[in-house]
1. Given the convex hull of the Cα atoms of the chain, what is a quarter of its surface area in nm²?
2. Under 13 Å from the Cβ of A79, count the other residues' Cβ atoms, weight Lys and Arg +1, Asp and Glu -1, and hand me the total.
3. With label points built 7 Å along Cα→Cβ from the Cα atoms of M163 and A234, find their separation and express it in nm.
4. Can you give me the long-range amide H partners of V115? Hydrogens built in the peptide plane at 1.01 Å from N, cutoff under 5 Å, separation of 5 or more residues or another chain.
5. Once phi is turned into ³J(HN,Hα) by the Karplus curve 6.51 cos²θ - 1.76 cosθ + 1.60 with θ = phi - 60°, what whole-Hz value does each residue of the range 301-309 show in order, with x for glycine and proline?
6. Could you give the angle, 0 to 90 degrees to the nearest 10, between helix 412-431's Cα long axis and the longest principal axis of the Cα atoms of the chain?
7. Starting from the residue with the highest accessible area, list F520, F262, F182, F217 in decreasing order, probe 1.4 Å.
8. Could you state the accessible area per residue of the chain in Å², with a 1.4 Å probe and every protein chain left in place?
Amino acid sequence: MGAQKTPSPSSSSSSSSWFSHFCSSALRTKPINSPLDTILVSRNSTDALVRRLGLLDLILLGVGASIGAGIFVVTGTVARDAGPGVTLSFILAGLSCVLNALCYAELASRLPAVVGGAYLYTYSAFNELTAFLVFGQLMIDYHIGAASIARSLASYVVTILEMFPVFKDNIPSWIGHGGEEFFGGTLSINLLAPFLLALLTVILCLGVGESSIVNSFMTVLKVIIVIIVIFVGAFEVDVSNWSPFAPHGVKEILTGATVVFFAYVGFDAVANSAEESRRPQRDLPLGIIGSLVICIALYIGVCLVLTGMVPYYLLGEDAPLAEAFTSKGLKYVSILISIGAVAGLTTTLLVGLYVQSRLYLGLGRDGLLPSLFSKVHPTRHTPIHSQVWVGIVAGTLGGLFNVHVLSHILSVGALTGYSVVSACVLALRWKDKTASQFSSRWTSAWREGVLCIVTVACCGFAAGLFYRFSASFIFLVVAVVIAILATAALCCRQTYTNPPGFSCPGVPIVPAVCVFFNMFLFAQLHHEAWVRFVVLSIIMVGIYAFYGQYHAKPEKSHA
C-alpha cells in the first residue's frame with residue numbers, strides 16, 4: 001500500500017487564513033458618522049446625489065409606493081372572508097406598520113443621510129455579511145415585484161385603450177393582456193410591460209426632480225380618485241350591510257390583518273431617499289410616518305364604503321370595488337377606478353425602480369458590488385448605470401416570463417428588512433452604552449441582547465405556525481410567554497441611550513413587538529417563500545465569500 005497523503009502545512013495554513021479573513025470581513029461594521037457632516041460632504045462631492053426632495057415630496061413618495069391597484073382589489077377580496085370587519089383588519093395591520101415605521105424613523109434621523117435604507121442600518125448595527133444578506137432578500141422582492149407590477153400595469157393600460165372602439169378586440173395578447181405563451185408556458189411574451197419599464201427608467205435617469213414631478217402628479221391623481229370613490233360611495237351606503245360586523249369571527253379579522261399588512265409595504269422607500277432629502281433629519285421621520293397615516297385613512301375609507309354598498313358575500317373577486325359601483329349604476333366611477341389603478345401601479349413601479357437603483361448605488365460605493373454601480377452622472381446627478389441595470393432586469397423578467405406565478409415567494413424581503421431594522425434600533429442603542437446593568441460570566445451583554453432578539457423572532461415564527469395550522473391554543477400561549485420573558489430580559493438586563501434626533505418610543509418593547517409580529521407574518525407565507533429565503537441566503541453567502549469580502553472597502557468600516 002502506498003503511503004497515505006497528508007495535507008501540506010501550506011495548504012492547511014492557506015485554508016485557515018482564508019477562513020480567518022472571511023470571518024473578520026463578515027463581522028466588519030460601518031462607522032456612524034455625524035448626519036450633519038455627511039450632508040456637508042455630500043454637497044461638495046461630485047459623486048453625491050442632489051438634495052431636491054422636500055417634506056411633501058417624501059410624503060408623496062411614500063404614498064406612491066404603498067397605494068397601488070391593491071386598494072381597489074385587496075379590500076374586497078379580504079372582505080369576502082372577514083366581512084365588514086375588514087376595516088379592523090386594515091386598522092390592526094396599519095398599527096403594526098406604524099410601529100415598524102417608528103423604528104425606520106429613528107434610524108433615518110440618526111444615521112448618515114446617504115442611500116442604503118435597511119442595508120445601511122444593518123451594516124452599521126450588525127455586520128457586513130448580514131447587511132449583504134438583507135440586500136439580497138430585498139432585491140429579489142423588488143425585481144420580481146417590478147416585473148409583476150409592470151405586467152399588471154400593461155393589462156390595465158390595454159383595458160383603458162379597449163374602451164375606444166378602434167382598439168376593441170384588436171390588441172393581441174402578446175402586447176398587453178397576460179402574454180403569448182411558448183414552450184408550454186415556460187415563456188410568456190409581453191411587449192408592453194418592458195416598454196413601460198423602459199419609459200419609467202428614462203424618466204428616473206433624467207433626474208430626481210423630473211421623476212418626483214411625475215410621481216407627485218400620479219400620486220395626487222390617484223389620491224383624488226380614491227377620495228372621490230369614498231365620497232360618492234358614502235351616499236350609497238346601507239348601514240344594515242355592516243351587520244353582522246364580524247360574521248366569521250375574530251380569527252378571520254386577524255387572518256385578514258396578516259393579508260392586508262402587505263398593502264402598506266412601501267413606506268420604507270422614504271428612508272432610501274435620504275441622500276436626496278433637503279432636511280433628512282427632520283423630514284425623513286415625518287415623511288415615513290405621514291405617508292403611512294394617509295394610507296391608513298384611505299384604506300379605512302374604502303373598506304367602510306365597499307362593505308356598506310354591497311353585502312360582503314356578494315363582492316366580486318377580480319375587481320370588487322368597480323363591480324360594486326357598476327351594480328349601483330355608477331359606471332363612470334368604475335372608469336375612474338381603472339384610471340386610478342393605472343396611476344397607482346405607475347407610482348408603485350416608479351418608486352420601486354427608484355429604490356432599487358439607490359440600493360445598488362450604496363453597495364457599489366461600499367465595494368460589495370462592482371464599482372460600475374457607484375457611478376453618478378455628473379450633470380443629471382442620478383446613478384444611471386444602476387438605474388439602467390434595474391430596468392434591464394425587470395424588463396427581461398416582465399417581457400419573457402409570467403412572473404405572477406412567483407407572487408407567493410414575495411414579501412420575504414420586506415418582512416426580513418422590517419425585522420432587522422427593528423433589531424437595529426436596539427443594537428445601536430446598546431452600542432452607545434458604557435456598561436450593562438448586569439454582568440454575565442458566560443457571555444457578553446451584546447451577545448445576551450442578540451440572543452434575546454433571536455428568541456423573540458423564533459417565538460414569533462413558532463406562534464405564526466401554530467396559528468396557521470390551528471394547533472392547540474396552549475402552544476401559542478407558550479410561544480407568546482417565552483417572547484414576553486425575552487423582552488423582559490431586554491428591558492431589565494440592558495441599558496439604552498436616547499439618540500439624537502427622532503427617538504422611537506417604548507424601546508425595547510416596540511422593536512421587540514415588531515420583530516415578533518413580522519416573524520408571525522413570515523410564518524403565514526407560502527412554504528416556497530421559506531425555501532427561497534434559505535436558498536438565496538446560501539447563494540448570497542457564496543457571492544460574498546468569492547467577491548464581496550475581497551472588494552469591500554475596509555477603510556470605510558471598522559471591526
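1. Numbers: hull surface 127.4 nm².
If you wrap the Cα atoms of the chain in a convex hull and average its projections, you get 31.9 nm².
2. Here the count lands on -3.
3. Each label point lies 7 Å from its Cα, and together they span 2.5 nm.
4. E275
5. x, 5, 4, 5, 5, 4, 6, x, 6
6. 40
7. Largest to smallest exposure gives the sequence F217, F182, F262, F520.
8. 42
The values are calculated or read from the model by the stated rules, or taken from the named source; none is laboratory data. This one's a predicted model, so the numbers in the text were calculated from it and none came from an experiment. Virtual Cβ from ideal backbone geometry, glycine too; neighbours counted across all protein chains shown. Heavy atoms of the whole protein, side chains included, go into the accessibility calculation; ligands, DNA and RNA do not. Shrake-Rupley method; radii C 1.70, N 1.55, O 1.52, S 1.80 Å.
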